[in-house]
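Read the structure below first, then the notes.
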Amino acid sequence: MLLNTRGIVISSVKYSDTSLIVKIFTEEEGVMSYIVKGVRSKKGEMKAALFRPLQLLEMSVYARENKQLNHIKEISVSHGYSCIYDDAVKRSVVIFLDEVLNRSLKDRFPDKEFFNWLWQSLIWYDLSKENTANFHLFFLIRLSKFLGFFPKSPSVNRFRYFDMVEGVFTNNEPLHPNYVTGKTAELFRKLVDVASGNTSGFKITASERSDVLDVLMRYYRLQIEHFGEIKSLEILRMIF
């Protein structure tokens, strides 16, 4: 059966001299894997450039149940990025977020709200002329909502710790080492508040941005099994 769907490229892996296996988060079926043949041959209709990180696609695919690798009949770019692949900073951020999504969306069922948020966030980032230095932080904290571990806001204004195992702000020191306190916990709370729509504005220095990113990465590793180390993280640190 043929199915028309939008898709967001999550990963592509070389399968042979001319073929790729691509993982795509589709609007209609969730995360699916496809084998794409002939991407490096002169006669191939689908070129490797279609499957760059977080490319936004319109697809016509063969929908077959209980099949690990499916096939794509037709494909085209839905939104041609104006600067994401050409701007060194935005390209590095997208490669980093793509790696995070690849580690996070291992088995994902269709979720149109999540899909639309991701789709619109990428278009906004591509087109935005504003200061987007904190985009990856807001992206990660909002992504945690869809993944099911958005931090719980404290019921009081004063707190001392953020417990990364339980995902809560608390005045009680956790009985494990996976927590943050002090200025970093306060900044993390502000990030959560902005993502929740409870406040506006988020001023942060480059050093503080790095600290908050460290918290987010530790938090993701604790919440997602086998999340591991993000290889592109160090490149992102160099860029910022």
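The values are calculated or read from the model by the stated rules, or taken from the named source; none is laboratory data. Just so you know, these numbers come straight off a predicted model, no measurement behind them. Counting neighbours? That spans all protein chains shown, and the Cβs are built from the backbone with ideal geometry, glycine included.
Can you name every residue in the stretch 46-69 that is surrounded by 15 or more Cβ atoms within 10 Å (Cβ to Cβ) and touching a Ser or Thr at 6+ places or on another chain (Cβ under 7 Å)?
Phe51, Leu56, Leu57, Met59, Val61
Suppose we keep only residues that are more than 23 Å from the chain's Cα centre (by Cα) and acidic (Asp, Glu) within the stretch 164-219. Which one would you say is surrounded by the most Cβ atoms within 10 Å (Cβ to Cβ)?
Once the filter is applied, the top-ranked residue is Glu186.
Which residues, taken from the stretch 164-180, are among the aliphatic types (A, V, I, L, M), within 16 Å of Ser144 (Cα to Cα) and assigned to a loop (DSSP other than H, G, I, E, B)?
Residues satisfying the conditions are Met164, Val165.
Suppose we keep only residues that are assigned to a loop (DSSP other than H, G, I, E, B), of a type outside the set (A, V, I, L, M, F, W, C) and modelled with pLDDT under 90 within the stretch 133-160. Which one would you say is nearest to the chain's Cα centre (by Cα)?
Step by step, filter the stretch 133-160, then rank; the result is Ser153.
What residue, among those in the stretch 195-216 that are touching a helix residue (DSSP H, G or I) at 6+ places or on another chain (Cβ under 7 Å) and hydrophobic (A, V, I, L, M, F, W, C), is modelled with the lowest pLDDT?
Phe202
Look at the stretch 217-240 and say how many of its residues are without any contact (Cβ under 8 Å) to a residue 60 or more places away in the chain, part of a helix (DSSP H, G or I) and either out of contact with any helix residue (DSSP H, G or I) (no Cβ under 9 Å at 6 or more places or on another chain) or of a type outside the set (A, V, I, L, M) (or both).
So the answer is 5.
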